[in-house]
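Q: Right, I'll just put the structure down here and ask away after.
The values are calculated or read from the model by the stated rules, or taken from the named source; none is laboratory data. These numbers come from a predicted model, not from an experiment. Glycine gets a Cβ as well: all are built from the backbone with ideal geometry, and neighbour counts include every protein chain shown.
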Amino acid sequence: MTIRQLLTLGSQRLLEAGVTEGELDARYLLQEEAKLSAAILLTKMDQEAGDALKERYLEQIEKRANRIPLQHIIGNQEFMGLEFLVSSDVLIPRQDTETLVERILADEASKSGGRLLDLCTGSGCIAISLGVLGNFSEIVASDISRAALEVAKANEKRLLGEEKMQEKGLKFALIESDLLEAIKGESFDVIVSNPPYIPSSVIEGLEPEVRDHEPRLALDGEADGLSFYRRIARESGRYLKPGGRLYLEIGWDQGRAVSSLLAEAGFAEIEVIKDIPGQDRVVAAVWPREGTHV
């Protein structure tokens with residue numbers, strides 16, 4: 001069997017299993033198992049695949065056919081140009097969330113030395129990307145899941161590391177906390193979060209890759225999807241410096257509701273930011289300076 005024939009076999013299996021991008025995923029898995037780039041793979045299509053490669057590849061194809069996410073099979077996902085380790089203990093980083101990181105980088109580009117807190121950090125993709133690409137002097141990333149924090153720690157070591165942090169003058173800490181509960185006596189210039197925001201009743205209707213293989217803890221926003229936003233709106237002002245900023249990723253239909261929660265909590269300059277496809281994706285707000293609270 002040639003590599004081309006093996007790829008066709010894998011593609012057909014995934015398409016039959018209902019994997020929407022079966023042909024693309026089959027190619028990614030073949031590149032991974034053959035340890036070849038896309039360009040080099042193309043030059044070897046008519047070569048014999050070999051029994052060992054065929055066996056390894058078809059094992060991975062079966063995992064994907066059973067709707068295990070591609071990222072869990074290969075163990076990583078690119079985000080903000082960085083390769084993050086992922087597992088079933090964390091939400092897979094998504095391009096939607098890059099809108100959140102890019103906005104913070106733009107708003108903070110002219111500043112340096114600020115302190116940032118990332119709530120519900122998961123894989124650490126937001127906090128670590130901001131550590132690598134931003135000008136913060138200290139970043140604290142928290143999550144209620146100890147297993148998620150282990151993944152974030154591995155990503156911190158790979159993508160930041162002691163040497164890079166020393167060069168940047170950056171302190172980075174991971175903390176086990178239910179939102180702000182373990183953050184005592186701290187104040188920050190920026191708080192950011194991509195909290196669970198899918199209504200509980202919607203989760204069962206999600207694609208199997210998400211419903212069955214990503215952590216429910218990172219998805220379930222309880223009855224109306226707004227539970228975590230209520231807590232963050234109510235509590236985060238005590239941890240922001242006057243003039244500090246709050247950034248929240250949201251579901252496409254939650255902009256107005258989250259904005260209202262922040263306004264009720266005393267935030268100002270509330271803005272809903274759209275992602276590349278034009279959907280509401282981020283709500284940004286400012287904690288007023290002294291004398292300007294609503």
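Q: Cβ-Cβ distance below 7 Å, separation of 6 or more or different chains: which pairs start in segment 222-251 with a residue that is in the same structural domain as D96 (by TED's automatic domain parsing) and end on one that is of a type in the set (D, E) and assigned to a helix (DSSP H, G or I)?
A: R245/D107
Q: From L82, L24, L36, grab the single residue that is closer than 30 Å to L133 by Cβ and at pLDDT below 95.
A: On the way: L82 fails: at pLDDT below 95; L24 fails: at pLDDT below 95.
From the options L82, L24, L36, the qualifying one is L36.
Residues are listed down the side, and each one gets a yes or a no for (1) buried (at least 24 other Cβ atoms within 10 Å of the Cβ); (2) in contact with a strand residue (DSSP E or B) (Cβ under 8 Å, 6 or more places away or on another chain):
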site: R56; (1), (2): no, no
site: Q77; (1), (2): no, yes
site: G114; (1), (2): no, yes
site: I128; (1), (2): yes, yes
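Q: Sticking with this one: Show the residue pairs meeting these rules: Cβ distance below 6 Å; 6+ apart or different chains; first residue within segment 197-214 and in contact (Cβ under 8 Å) with a residue 60 or more places away in the chain; second residue among the charged types (D, E, K, R).
A: Close Cβ pairs (under 6 Å, with a partner that is among the charged types (D, E, K, R)) amount to P208/R67; E209/R67.
Q: Just give me the residues in segment 32-44 being surrounded by fewer than 15 Cβ atoms within 10 Å (Cβ to Cβ) and of a type outside the set (K, R), in sequence order. Even if it seems obvious, please write down each step before you answer.
A: Residues of segment 32-44 that are surrounded by fewer than 15 Cβ atoms within 10 Å (Cβ to Cβ), as a first pass: 35, 37-40, 42-44.
Correct list: S37, A38, A39, I40, L42, T43.
Conditions (1) touching a Cys at 6+ places or on another chain (Cβ under 6 Å); (2) closer than 30 Å to R64 by Cβ; (3) among the hydrophobic types (A, V, I, L, M, F, W, C), marked per residue:
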{"residue": "A173", "(1), (2), (3)": "no, no, yes"}
{"residue": "L179", "(1), (2), (3)": "no, no, yes"}
{"residue": "I191", "(1), (2), (3)": "no, no, yes"}
{"residue": "I198", "(1), (2), (3)": "no, yes, yes"}
{"residue": "V202", "(1), (2), (3)": "no, yes, yes"}
{"residue": "L206", "(1), (2), (3)": "no, yes, yes"}
{"residue": "V210", "(1), (2), (3)": "no, yes, yes"}
{"residue": "L219", "(1), (2), (3)": "no, yes, yes"}
{"residue": "Y247", "(1), (2), (3)": "no, no, no"}
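Q: Can you tell me which condition K164 does not meet? The list is (1) within 30 Å of I73 (Cα to Cα); (2) of a type outside the set (A, V, I, L, M, F, W, C); (3) assigned to a loop (DSSP other than H, G, I, E, B), and all the others hold.
A: Single failed check for K164: (3).
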